[in-house]
Amino acid sequence: MKTILLYILSIFIIPHYVAFRVSKRKFELVDDINVMNQKSHFNASMLVSLTYHLLVNKYYRNVFYKRLGRWSNFLFFYLPSQSTFDPCCSQIGGGIYCAHPFSTILNAKSIGKNFSCRNNTTIGNKRDGGKAIPIIGNNVTLGANVCIIGDIVIGNNVIVGAGSVVVKSVPDNCIVAGNAAYIIRRIETHKQ
C-alpha cells in the first residue's frame, strides 16, 4: 500500500522537481528548503525535503510557486497553494520562513534574505495607487499582527514586535514595537 501511495505522489511531485532543477532561482529555493528543514527539525536530502515540504506545507507551496513564475500556472493544477497567504512581492531573498502565515500579505518593493514573519502580517501601501510600498532588508523578523505601510525602509537585522504598526523607516540593528512603532533597543553587532 505504501508503494502504491509513493507512486501516486510521485506523479504530483515530478513536475515540481523538474521545475526546481531548471529554475533560474534555484539557489533561493535551496535556501528556503534549508530554512524550512531547520525550523521543522527535518533532515533529509534536497529531493526528499522538497517533496516533504511541498506535500505538507501549503504556505511553502505559495513561496515555491512565486519563485517559479510562469511555471506555477501548470504546477498549481497538481498541488494547489494556500489562498490566505499572498507573497506578491516579486523580489524576495532566499531563506524566507513564514510561520502560520494565515491572512498574510507581503507586498513590498523587495524583501531581503532570511526574512521571517508570523500570521496576520501586512506589508503594503497607502491609498496612493500602490506606488509607496516598503523595502525590507536582510535578516528581518516580524511578530504576529505586524503592519508595515508606506514608502519606508526597514533596515537589516531588525526585529519587529507582535502587533506593531510601522509607518516610519527603521535603521539597521534595532528592535521596534508599538503602535506607532518606536525603537526599543539597538542590537549590538560584533565586528571581527
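The values are calculated or read from the model by the stated rules, or taken from the named source; none is laboratory data. Just so we're clear, the structure is a prediction, and the values are computed from it rather than from any experiment. With ideal geometry, Cβ positions are generated from the backbone for all residues, glycine too; neighbour counts draw on all protein chains shown.
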Completion exercise
Going through the stretch 112-125 in order, the residues found to be under 10 Å from the mean Cα position of the chain (by Cα) and surrounded by 24 or more Cβ atoms within 10 Å (Cβ to Cβ) are 115, 117
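For (1) under 30 Å from residue 11 (Cβ atoms); (2) at pLDDT 85 or above; (3) surrounded by fewer than 19 Cβ atoms within 10 Å (Cβ to Cβ); (4) outside the structural domain of residue 142 (by TED's automatic domain parsing), each residue gets a yes or a no:
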site	(1), (2), (3), (4)
34	yes, yes, yes, yes
44	yes, yes, yes, yes
52	yes, yes, yes, yes
55	yes, no, yes, yes
96	yes, yes, no, no
127	no, no, yes, no
Problem - Filter result for residue 118 (closer than 21 Å to residue 162 by Cβ and out of contact with any Phe, Trp or Tyr (no Cβ under 8 Å at 6 or more places or on another chain)) - result: yes
Problem - Test: residue in the stretch 71-80 that is closer than 22 Å to residue 136 by Cα and not assigned by TED's automatic domain parsing to the domain that holds residue 177 - result: no
Fill in the blank from the handout: Expected output for the stretch 105-128 (first residue under 27 Å from residue 37 (Cβ atoms), partner part of a strand (DSSP E or B) and among the small types (Gly, Ala, Ser), Cβ below 7 Å, 6+ apart or cross-chain) is 105/124
Handout entry: Test for residue 73: is it loosely packed, with under 13 Cβ neighbours inside 10 Å and within 29 Å of residue 135 (Cα to Cα)
Key = yes
